[in-house]
Each structure stands twice: as C-alpha cells, then as structure tokens.
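Input: a single structure, listed below in structure tokens.
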Amino acid sequence: MENIGLSEIILAIVTIDGTQPASGVPVFYAKDEEEREKIALNLARILSGMVHDLENGTYVIVRH
Amino acid sequence: MGGYVAVIITGLAIGTIGRLYLLRVDYRQYPSYPQGYMVHLALGFIAAFLGSVAIPAILAKEYTAVTFLALAAQQFREIRDMERESLRNIEVTELVPRGAAYIEDIAKAFESRNYLAMLTSLITSAVVEFFKKPLWGIFAGLAVIFILSFFTKRKRLGDIAVVRPAEIFFDGSILCIENIQFMNVGHPDSRRIFLEQGLGVIIEPKDDNARASLFNIGQRQAIAHDVAALLGVKRDVN
C-alpha cells in the first residue's frame, strides 16, 4: 500500500506510429492495434500503471 | 447514602441503555468488533455512573464530588482523540479512504454519545430523587434518549439532494457521465468493464445550503467511502 515510487508520471509509451520519437521515456513500437493493446496491458500490470489513450495511435502508461 | 441506591442504579441503568441504543453496527461497519463495542460500553457505563451520582452528591452537600463531574467530563474528550487515532491508523488500509473530515465527524459523534449517557442518567436520577417514583425516572430517561437521538440525527443525502442514475459512455477514450468528462481510459478491455459494470450517478443539490454542503471535499470523500462500503469497489491493489 505505502509504496515508495514515482507517481503522476509517464512510465512508458506504446505506439503503432513509427514516427513517434523516443525521448527520455521508453517507447515500445507495436505492429498493430492488437499488439499495442497487449503490450500496454502487460506494461500497465508490470509497472502498476494505467493505460491512457492519446487517440493518435499512442498509448501512455501513467502511474497515479 | 442507603436511600440513594435506587436513584443511582436507575440512572446508571438507563444511561447505559442509552449508550447501548446508540451503539449500532451498520453499513459503516464501525465499531464492528467486540472489543470496540466493549470499550464504548464501558465508557458509557462510567459516564452514566457520573451522571447518576451528581444529584445524590449535591443533596448530600458533597460539592467536591460535583466538581469532579466537570473534571471527568473533560476526560471524555479523550474519546474523540482515541477514535480519531484508531480511524486514522486504519485509513491507509481502506480501499476508499474515509477522509479526515469523516473521521473527525465519527470521532465527534462517539464523544457526544457519552455526554448523552451522562445527561440521560442525570435526568433519570433527578426524576427518581424528586418524585420518588423509579418508574417515572425510567420513562423520563427513555424520553431523553429518544429526543436527543432525534435531534442529533443527521440528514441523509437524499434529503438535501436529488440522486439519480446517469448514463456512462465513452467519448473517444474519455469516460463521460452525462455531460461531465471524467477520465481517460486507454485500454479497450477497461472501457468495456466500465460500460458493463459501472453505475453512473449524478447528485444534484436541492438548494443553496445543500450546494454548500456538497461543495466540501470531505463530504464527497465520505460519500465515496460509504458508497464503496455499500456497493463494493473494484480497483487495483498493489
């Protein structure tokens, strides 16, 4: 419960947009939407974060 | 002193019954455990005892005893601290926290109930002493319990506001409840869970007083806690 860690921060980016630049935050490039969702779900579970959709083909994993 | 036994015992009994009457376990699930029950019953008993000896002490011209009553009443303020402390300690383990405002309110209620026990036994013992009829005292005590519990009763949310179900839908990835944009939910599976199992509710205050009450974040947190306690809650715990 009383985790010590970062919150309100983007932990990772999952995208099907190949032009999305990697800059500071880990970026995972997915082949298609299905793979993007799978990666996003796995990352969210691994990092205790939540998946948010930027609606431009990119998901961000944020810990609240 | 022998003549006061009936006075003290009647006052003590009615005061303790008053405390017991207000010690109910309900959806707030507090105090649900037998230990918590015991603590409050014991303190209620002591409060009732203090209330019931006050009149005999005055009549016996034991004025020091009466000043002790005031001193003891101060001690009951400790109850508020005790409750606040214990609720605050379990706060971190709540899936939906009660919030500081709700804890304060619960602590205050527990303190005031001891004063109620004290007042009830005081009035009961006074009636028994002056009218020499224990039965009258019992009725007076029960009346005090009912009147005070009626006046300390708080309003329900439904009294000050209209609570109505509202539609949940997604505008793109934004979760909306009627016209309120709520949060961004990315994963399609998560969205499906919201749509299938979510219950949207809109609370509309009836007047300006209600608006001011509901404006308070503590009130909202308390509502969230009680709703979660009643309906259950689904969230990630890590």
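Please determine whether any residue of segment B:153-171 is within 14 Å of another protein chain (Cβ to nearest Cβ) and surrounded by 12 or more Cβ atoms within 10 Å (Cβ to Cβ). Within segment B:153-171 (the criterion being within 14 Å of another protein chain (Cβ to nearest Cβ) and surrounded by 12 or more Cβ atoms within 10 Å (Cβ to Cβ)), the answer is yes, since at least one residue qualifies. State whether the residues of segment B:11-23 include one that is under 30 Å from B:Val233 (Cβ atoms) and either touching a helix residue (DSSP H, G or I) at 6+ places or on another chain (Cβ under 8 Å) or open to solvent by less than 40 Å² (accessible area, probe 1.4 Å) (or both). The answer is yes, given that some residue of segment B:11-23 is under 30 Å from B:Val233 (Cβ atoms) and either touching a helix residue (DSSP H, G or I) at 6+ places or on another chain (Cβ under 8 Å) or open to solvent by less than 40 Å² (accessible area, probe 1.4 Å) (or both). Exactly one residue out of A:Tyr29, A:Tyr59 is surrounded by fewer than 19 Cβ atoms within 10 Å (Cβ to Cβ) and in contact (Cβ under 8 Å) with a residue 12 or more places away in the chain: that is A:Tyr29.
When residues in segment B:192-215 are screened for being surrounded by fewer than 16 Cβ atoms within 10 Å (Cβ to Cβ) and within 14 Å of chain A (Cβ to nearest Cβ), 2 of them pass. A single member of B:Ile103, B:Ile90, B:Ile55 is in a helix (DSSP H, G or I), modelled with pLDDT of 85 or more, surrounded by fewer than 18 Cβ atoms within 10 Å (Cβ to Cβ) and assigned by TED's automatic domain parsing to the domain that holds B:Ile9, and it is B:Ile90.
The values are calculated or read from the model by the stated rules, or taken from the named source; none is laboratory data. Quantities reported herein were computed from a predicted structural model and do not represent experimental measurements. Cβ: placed from backbone, ideal geometry, glycine included. Neighbour counts: every protein chain shown. Heavy atoms of the whole protein, side chains included, go into the accessibility calculation; ligands, DNA and RNA do not. Shrake-Rupley method; radii C 1.70, N 1.55, O 1.52, S 1.80 Å.
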